[in-house]
1. Output the residues belonging to the range 341-366 that are within 20 Å of the chain's Cα centre (by Cα) and not in a strand (DSSP E or B).
2. Pairs, please: C-beta under 8 Å, at least 6 apart or cross-chain, first residue over 13 Å from VAL386 (Cβ atoms) and not assigned by TED's automatic domain parsing to the domain that holds VAL337 and in the range 352-376, second assigned to a loop (DSSP other than H, G, I, E, B) and modelled with pLDDT of 95 or more?
3. Return yes when ILE269 is modelled with pLDDT of 95 or more and under 26 Å from the mean Cα position of the chain (by Cα) and no when it is not.
4. Which residue pairs have Cβ atoms under 6 Å apart, sit 6 or more places apart or on different chains, and have a first residue in the range 286-309 that is over 17 Å from ILE83 (Cα atoms) and not assigned by TED's automatic domain parsing to the domain that holds VAL122 and a second that is of a type in the set (Gly, Ala, Ser) and outside any loop (DSSP other than H, G, I, E, B)?
5. Answer yes or no as to whether ALA298 is under 28 Å from ILE125 (Cβ atoms), modelled with pLDDT under 90 and among the hydrophobic types (A, V, I, L, M, F, W, C).
6. Confirm whether THR282 is in contact with an Asp or Glu (Cβ under 9 Å, 6 or more places away or on another chain), under 18 Å from ILE353 (Cβ atoms) and not assigned by TED's automatic domain parsing to the domain that holds SER199.
7. Of everything in the range 303-321, what is assigned to a loop (DSSP other than H, G, I, E, B) and surrounded by fewer than 11 Cβ atoms within 10 Å (Cβ to Cβ)? Give them in sequence order.
8. Can you tell which of ALA67, ALA75 is more than 30 Å from ALA360 (Cα to Cα), touching a residue at least 40 places away in the same chain (Cβ under 8 Å), buried (at least 17 other Cβ atoms within 10 Å of the Cβ) and not hydroxyl-bearing (Ser, Thr, Tyr)?
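The values are calculated or read from the model by the stated rules, or taken from the named source; none is laboratory data. Please read these numbers as outputs of a predicted model, since none were measured by experiment. Heads up, the Cβs are rebuilt from the backbone with ideal geometry, glycines too, and the neighbour counts pull from every protein chain shown.
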Amino acid sequence: MKLNKILIALIVSMSSLFGTGTNEKPISSNKINTINRNVSVSGTSSITVGQSTTVSFTVPGNPLSWAYDVSASGAGASGSLSITGFQGDNRTAALTVTGNSVGTIIISGTGQYLVDESANGVRNISIYKTINVVAAPTPSNPGSNTGGSNNNTNNNINNNTNNNTNNQTNNGQDNQNSDDPEEENKDKKDVTLKSLTISEGTLEPGFDPNVDTYIVKLTSDKSNVEIKAEPKDSSVTVEGAGKHTLKEGENNITLTTKADDGGSKTYTIRFQVEKKPSVYLTLGDSKDKYGVLTLESAKKLDGFEEVKLKVKGQEVQGLRNNKMKVTLLYMMNEKNVRNYYIYDETAGKLTSIYIPFAVAGKNYAIVTVPEDMKDMKGFTFNKVKVEDTELDGWVFNDSKFKNYVLVYLMDENGEMKLFQYEKSSNTIQPYSNAAPVTMSEYEDLTKSDALKPVLMGVSGVLALAVIGSVIALFTMKKRINTK
């Protein structure tokens, strides 16, 4: 055992002195919090014409990355944002809008954020907020006279004729009959909803009796939905609730509440049903089919640009990174799980899954492990954990290296290869096909700088001894041959 440690120490010392090209400094990384919430939106719900307001958007938790687009329209307002961020960046963005006319400003957006690198680690972002723009109030003028004529005014001033009395009486009656919204609304029935639920998907934003427009995003396998609505006032009726058939694309369903006093309110739900794939491909020897989807709900990837591709004679959307020489299709499998897949444009086939993956501050992608690599001597192929992400990989059969695992990843240059991950220090580096030194052994060896010259001396002595032995053997052989 002591001899083994001496040899290991010698290897480590010489590696640190001469370099192997694979050693990297540990880089700390925050652990990933598994979350399942949506972007929070804050801001006022009502402004007057000409007034500006700022709406803030905050991505929840501590995601690995996020990307979304948001825009404003209606009531003469305009503006848009394209937001991309990574773990450690500011998760809040803001958009300022101005109401230029009476109406409703609609702020909407879509995107995705990544909580971990598993197949279910992608969360969809759906932003929706309305801001009512109302007319600015007209200042009152105590000196104005709303009834009668100039003659009446003069009579009021003089206050000495019967007409004056009549005009004052008329003015009093006019004032009594003037519109008073508060008085009128006292007897109006409440036509807002108490609750609004749907059998498929999620309302965005969440239900609010005063919000009258919602967006619901549904996958292509959803063709029916049931809507339930309950009014606050039991005497108010609701039209439009019940079961509805959905088609691909946008489906606008309206619900109208009606009171017997003539009051009413309309709610609109915009069901956006994903288009079904029309092109299917297989991956490797698997018989499972993968359908090509549009990029509308896909997570945006840095370094990739959107392109049009011909796949089986049909035009589809894809992503391409010229530096990495990688082309991606956004697809779903037969279980409705969605991911990116690497597409070989020349061969016209899928070659691997592609899941963006960050570890120890570096960006990689999880890719499909080739079948002929799964059985490696000294290792067991199994599920392994890198930070908080579970993926296919290898564990060392030697329990001394229990803190190490191997994973097969694609780096930022588009190269697929094995990487060695050390759990306790959270470091990752290319695998050099040699067994690693355990951390305890490495720490013992690097405690003192004085150890390096000693090890160099030992290695020098060993080298001289080997050379001396070779010379001695050669000399002895020569003497024997001479005799």
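1. Keep residues of the range 341-366 that are within 20 Å of the chain's Cα centre (by Cα), which gives 341, 353-366.
Matches in the range 341-366: ALA360, GLY361.
2. Pairs found: none.
3. Working: modelled with pLDDT of 95 or more: yes; under 26 Å from the mean Cα position of the chain (by Cα): yes.
Yes, satisfied.
4. VAL307/GLY318; LEU309/GLY318
5. The answer is yes for ALA298.
6. Answer is yes for this residue.
7. Going residue by residue through the range 303-321, those that are assigned to a loop (DSSP other than H, G, I, E, B) are 303-304, 312-313.
GLY313 - this is the single residue of the range 303-321 that is assigned to a loop (DSSP other than H, G, I, E, B) and surrounded by fewer than 11 Cβ atoms within 10 Å (Cβ to Cβ).
8. Going through ALA67, ALA75 in turn, just one is more than 30 Å from ALA360 (Cα to Cα), touching a residue at least 40 places away in the same chain (Cβ under 8 Å), buried (at least 17 other Cβ atoms within 10 Å of the Cβ) and not hydroxyl-bearing (Ser, Thr, Tyr): ALA75.
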